[in-house]
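Read through the structure below, which is laid out as structure tokens, and then see the notes.
The values are calculated or read from the model by the stated rules, or taken from the named source; none is laboratory data. Note that the structure is predicted; figures quoted are calculated from it, not measured. Cβ sites come from the backbone with ideal geometry, for glycine too, and all protein chains shown count toward neighbours.
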Amino acid sequence: MPQRPHDLLQRKQAGLPISVLTAWDALSAAIVAEAGADAVLVGDSLAMVVLGHATTLPVTLEEMLHHCRAVGRGLAMAAGSHPPLLIADLPFLSYQCGANDAVAAAGRVLKETPAAAVKLEGAEPETLAVIDRMVRSGIPVMGHLGLTPQSVHRLGYRRQAQDPVAQERLQRQARELESAGCFALVLEHVPASVATTIASLLTIPVIGIGAGEGCDGQVRVTADLLGLTPRQPPFSPPLIDGRGLAIEALRGWIGSQRAPTTRGTPAAPHC
């Protein structure tokens, strides 16, 4: 039986850390599932990691549905009796244009893919109203504060909540997301002390990325950890040089194919 959003809450209550990794196709999904991730996020980061875009903004809902279905097939193929919770990002402009469109987009994710929850960014009044509507419609929602990549043109990729005013606002927004019904919250690229405080204030799990070790769990872009991306954010150094290892291995194979060979050369006559 796949994990459900409530399972993450039970892990927090039991004091067990939560590990979340991203996946974008069947191959990556099977790998992170067999590695033991508690949850798998089909993040809109695939716009950059897989599709080659400069930001997360261009990825469409149809593309997210396509990749989420592929990830679901990978999870089904993975070994283990407890598949991880599958969460899908709602892409830019799929939830910012009114509650009806937002619920329809999130509903498609749950109807047309194996995902059991969606994630969206921000805590503006309009976003809180959308979350409330989704939750009341039976759609589990994970929130996301701090560095929100869909706001790159306004906030950039710099660290957030650096001053006391911004930190108080972040705490208030976190409480508002919990009150709106979010089952968990991602905090990205904020001071560790602030993230630790928020994790202690909220009942729901707080999952950090570049937010220190005081959160209830951590999420990372799998391609960054494996060193498959040319550059990684400062809070997610690669565990291995996966890109370099792959290039070296394939270069060796290509070189072996191009090397002179005696294959097919007639044998010399015996004297």
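Select from region 196-231 the residues that are of a type in the set (D, E) and over 20 Å from A161 (Cα atoms) and list them in ascending order.
D224 - this is the single residue of region 196-231 that is of a type in the set (D, E) and over 20 Å from A161 (Cα atoms).
Which is more than 30 Å from R231 (Cα to Cα) and of a type outside the set (S, T, N, Q), of H66, H82, H53?
None of the other options fit; the residue is H82.
Among the residues of region 75-92, which ones are surrounded by 22 or more Cβ atoms within 10 Å (Cβ to Cβ) and small (G, A, S)?
Once the filter is applied, which keeps residues that are surrounded by 22 or more Cβ atoms within 10 Å (Cβ to Cβ) and small (G, A, S), region 75-92 yields only A88.
If you take just the helices (runs of 4 or more DSSP H) that sit entirely in region 12-82, which of them hold at least 3 residues that are of a type in the set (D, E, K, R) and over 18 Å from Q218 (Cα atoms)?
In region 12-82, 61-77 are the helices (runs of 4 or more DSSP H) which contain 3 or more residues that are of a type in the set (D, E, K, R) and over 18 Å from Q218 (Cα atoms).
Quick check on this structure: which one of A30, A23, A88 is at pLDDT 95 or above, more than 21 Å from E213 (Cβ to Cβ) and touching a Cys at 6+ places or on another chain (Cβ under 9 Å)?
So the residue among A30, A23, A88 that is at pLDDT 95 or above, more than 21 Å from E213 (Cβ to Cβ) and touching a Cys at 6+ places or on another chain (Cβ under 9 Å) is A88.
Please go through region 192-205 and give me each residue that is crowded, with 22+ Cβ neighbours inside 10 Å and of a type in the set (V, I, T), ordered by number.
Scanning region 192-205 gives V194, I198.
Within region 9-18, is even one residue of a type in the set (S, T, N, Q) and touching a strand residue (DSSP E or B) at 6+ places or on another chain (Cβ under 6 Å)?
No: region 9-18 contains no residue that is of a type in the set (S, T, N, Q) and touching a strand residue (DSSP E or B) at 6+ places or on another chain (Cβ under 6 Å).
Conditions first: (1) farther than 30 Å from G156 by Cβ; (2) of a type in the set (D, E); (3) in contact with a His (Cβ under 9 Å, 6 or more places away or on another chain). D89 passes all but one, so which condition is the exception?
Only one criterion is unmet by D89, namely (1).
If we keep just the residues of region 149-191 that are under 17 Å from T56 (Cα atoms) and of a type in the set (S, T, N, Q), which is surrounded by the fewest Cβ atoms within 10 Å (Cβ to Cβ)?
In this case the residue turns out to be S151.
Given the conditions (1) in contact (Cβ under 8 Å) with a residue 24 or more places away in the chain; (2) under 17 Å from the mean Cα position of the chain (by Cα); (3) within 24 Å of L155 (Cβ to Cβ), report the number of the one that A102 does not fulfil.
(2)
Six or more apart or on different chains, Cβ atoms under 7 Å: show the pairs whose first residue is in region 141-161 and over 21 Å from R172 (Cα atoms) and whose second is assigned to a loop (DSSP other than H, G, I, E, B) and modelled with pLDDT of 95 or more.
Final answer for the pair search is V152/T55; Y157/L147.
Any chance you could count how many residues in region 102-138 are of a type in the set (V, I, T) and either in contact with a strand residue (DSSP E or B) (Cβ under 7 Å, 6 or more places away or on another chain) or not in a helix (DSSP H, G or I) (or both)?
Here the count works out to 5.
For region 84-97, check the following and say yes or no: at least one residue is of a type in the set (G, A, S) and either more than 16 Å from E121 (Cα to Cα) or in a helix (DSSP H, G or I) (or both).
Among the residues of region 84-97, not one is of a type in the set (G, A, S) and either more than 16 Å from E121 (Cα to Cα) or in a helix (DSSP H, G or I) (or both), which makes the answer no.
So that you can scan it fast, the table gives a plain yes or no per residue for (1) farther than 19 Å from V109 by Cβ; (2) buried (at least 20 other Cβ atoms within 10 Å of the Cβ); (3) hydroxyl-bearing (S, T, Y):
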| residue | (1), (2), (3) |
| --- | --- |
| I31 | yes, no, no |
| E34 | yes, no, no |
| A39 | no, yes, no |
| G43 | no, yes, no |
| V50 | no, no, no |
| A54 | yes, no, no |
| P58 | no, no, no |
| E63 | no, no, no |
| C68 | no, yes, no |
